[in-house]
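Below: the structure, in structure tokens.
Only the coordinates and a few stated rules stand behind these numbers; no lab work does. Predicted model only: the values in this text are computed from it and were never measured. So basically every Cβ, Gly included, is an ideal-geometry build from the backbone, and we count neighbours across all protein chains shown.
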Amino acid sequence: MIVMDLEWNRGYDSKPIDEILQIGAVRTDESGAIRDTFSVFVSPAIHKKFDRGARGLPDLEDSKSSDISFPEAWGMFEAWRGEDNEYAFWGVGDFEAVRQNCAYYGLCFTEPSAVYDYQSAFSHALGQGGQQAALWRVIDYLGVPDVFTYHNALNDAMYTALVGSWLGEAAKYIKPESDDPKRKREKFCTEPYTAAKGKRVGPFASTEDCLNSRVARSPACPVCGKSFWIRQWHTTDSVRFFGTGSCPDHGKFIARLTIDPETLLGRLAVPELDPTAIYEYRRVCRRGTTHVCASLHKGGRRRFARRRRAG
């Protein structure tokens, strides 16, 4: 079994790729014990700037000073892993980043025989449903001494492997597909459409007011024109916010709200539902923070209604 972790940079440009800065992995035996380790820092070559998460990496300078490109690093990893073709990650984001980087460089990606998500496995083992616990919280819960710094790919891979060892056979839990008919109706729209030009939102007195505003929260279905409702926003940079809502006739759509931090003027758009847009939305949900709109809090719907009448 290969337990892998990555550190990567989203950047601030228009290239929707999580550029890998470090590959860390450990090889475990059937008992879950660590038998070998692998780590390589990758020279950044795609994004010109680092996002907030990347700037906070404790070993970012090692990547910046590395002369190893991603194709070289991936070749080194492939040689190290040998015949092992089962992978485990803490969450599914890193596995998608591997696919994305290999596709960007035109590299051959060998499909694994199995991919396990130890984060979901741990949540299931504790009866926590779909809650996603941070790795450091789980390590603390298990009483494992945190002798290595987090957000180093090799260190996090070792911590993840220790959680897998604690889980035992439960580590190979695979989340089943939901049979809930309501969830099936909420699948992303499959009908073709053309994304409309973004709609102006604001300006408002604060970013929160912009996020909570009716204009921002009620984009139109690009197929039929009916409005749907945004209940919460997700962001990694406090400039671009992503949310989803469902048209009862055409399924779920992604809404993207971009807010200028200086003018507090927003631009609301419903992008085309291509794989890149869906991946970007899911990545922000995993990595970013969530703003639950005011009308969902206790008494918030009444406050929001009063605010609308007063305005």
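Rounded to the nearest 500, what is the chain's calculated 222 nm mean residue ellipticity when only DSSP H runs of at least 4 contribute -39500 (n - 2.57) each, over all residues?
Estimated from H runs of four or more residues: -9500 deg cm²/dmol.
Enter the per residue convex hull volume of the range 1-94, computed from alpha-carbon coordinates, in Å³ rounded to the nearest integer.
Dividing the Cα hull volume of the range 1-94 by its residues yields 107 Å³.
Kindly point out, ordered by number, any Cys in the chain whose beta-carbon has no other cysteine beta-carbon under 4.7 Å away.
Result for the chain is 102, 108, 189, 210, 224, 285, 293, no neighbouring Cys Cβ within the cutoff.
Angle, helix 275-287 long axis vs. longest principal axis of the chain, Cα atoms, 0 to 90°, nearest 10?
Approximately 80 degrees, to the nearest 10.
With Cβ to Cβ distances under 10 Å as the rule, what net charge do the other residues near residue 229 carry (K, R +1; D, E -1)? The partial results should precede the final answer.
Numbers: positive: 214, 217, 231; negative: none.
Here the charged neighbours net out to +3.
Local charge sum around residue 43 (other residues, Cβ-Cβ under 11 Å, Lys/Arg +1, Asp/Glu -1)?
-3
Quick one: dipole size for the chain, taken about the Cα centre, charges +1 on Lys/Arg Cβ and -1 on Asp/Glu Cβ, in debye to the nearest 20.
Here the chain has a charge dipole of around 2940 debye.
Residues in the range 232-252, backbone N under 17 Å from the label point at residue 258 (7 Å along the Cα-to-beta-carbon vector): list them, ranges by number please.
In the range 232-252, the label zone of residue 258 (backbone N under 17 Å from the point 7 Å along Cα→Cβ) covers 234-243.
List the residues, sorted by chain then number, that are 5 or more residues from residue 21 or on another chain and whose placed amide H is less than 5 Å from its amide H.
Correct list: 7, 8, 9.
Roughly how many whole Å is it from the C-alpha centroid of the range 95-130 to that of the range 239-300?
What the calculation gives is 24 Å, centre to centre.
Using only Cα atoms and rounding to the nearest 10 degrees, what angle (0 to 90) does helix 93-105 make with the longest principal axis of the chain?
Compared with the principal axis, the helix lies near 80 degrees.
To the nearest 10 degrees, how steeply does helix 70-81 sit against the main Cα axis of the chain, on a 0 to 90 scale?
50
About the Cα centre of the range 2-172, what is the dipole size in debye to 20, counting +1 per Lys and Arg Cβ and -1 per Asp and Glu Cβ, all else neutral? Before the final figure, lay out the partial values.
Numbers: 13 positive and 26 negative charges, 105 e Å.
That gives a dipole near 500 debye.
Taking springs between alpha-carbon atoms closer than 10 angstrom, which of 147, 98, 239 fluctuates most in the Gaussian network model of the chain?
147
Is the range 49-165 rounded, prolate or oblate when judged by the Cα gyration tensor, a ≥ b ≥ c being the square roots of its eigenvalues, rounded requiring a/c under 1.5 and prolate requiring a/b larger than b/c?
oblate
Please give the FRET efficiency for residue 64 paired with residue 238, using the beta carbon to beta carbon distance and R0 = 35 Å, rounded to the nearest 0.05.
The calculated FRET efficiency here is 0.90.
Please report the net charge: other residues with Cβ closer than 11 Å to the Cβ of residue 5, K and R +1, D and E -1. It would help to have the intermediate numbers written out before the result.
Numbers: positive: none; negative: 7, 94, 156.
Overall, the nearby charge balance is -3.
Determine one quarter of the surface area of the Cα convex hull of the chain, which equals its mean projected area, and express it in nm² to one decimal.
Hull-based average projected area comes out at 18.4 nm².
Would you order 221, 102, 108 from fewest to most other beta-carbon atoms within 10 Å of each residue's own beta-carbon? Walk me through the numbers before you get to the answer.
On the way: 221 20, 102 17, 108 7.
Least to most surrounded, the residues fall as 108, 102, 221.
Put +1 on the Cβ of every Lys and Arg and -1 on every Asp and Glu Cβ in the range 2-172; which of 141, 110, 73 then has its Cα farthest towards the positive end of the dipole?
141
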